[in-house]
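See below for the structure under consideration.
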Amino acid sequence: MVVGADGIRSWTRDLLGVPCKLEYTGQMVCRATVPRPACATAPYTSAGPVCTSDLIPISQTQAHTFLTEDGVPPDPLPTTNSHTACGN
């Protein structure tokens, strides 16, 4: 099994010869690892008509959080591979 979690312009798919046409869906996700709030004792999800957010404790001191937003125009999309943009 090969797991390629390298983004929308996947090098793994290219190396395996798996064609994949990029198609914008209007959804954007922002993720971060943050200091864990004292009240975060279990995963927490908040969902609305446009946005969903989660806070997931991953250790005694850290939590993973993400925000999913629908209806985002395509303008904020990156125009290069994150590998290239980061100099990798």
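The values are calculated or read from the model by the stated rules, or taken from the named source; none is laboratory data. As the structure is a prediction and not an experimental result, all values here were calculated from the model. Counting neighbours? That spans all protein chains shown, and the Cβs are built from the backbone with ideal geometry, glycine included. Side chains included, ligands, DNA and RNA excluded: accessible areas come from the protein's heavy atoms. Shrake-Rupley method; radii C 1.70, N 1.55, O 1.52, S 1.80 Å.
Data overview
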item	result
Proximal charge balance of residue 67 [Cβ under 15 Å; K/R count +1, D/E count -1]	-2
Theoretical gain in end-to-end length, residue 67 to residue 5 [0.36 nm per residue, Cα-Cα removed]	20.4 nm
Contact order normalised by residue count of the chain, Cα under 8 Å, 6+ apart, percent	26
Residue of 41, 25, 68 that the Gaussian network model of the chain assigns the largest fluctuation, springs spanning Cα pairs under 10 Å	41
Per residue solvent-accessible surface (Å²) - the chain, probe of 1.4 Å	77
Accessible-area value, residue 75, 1.4 Å probe, nucleic acids and ligands omitted, Å²	140
Cα shape, region 1-66, gyration tensor, a/c 1.5 rule	oblate
Surface accessible to a 1.4 Å probe, residue 46 within the full protein complex, Å²	50
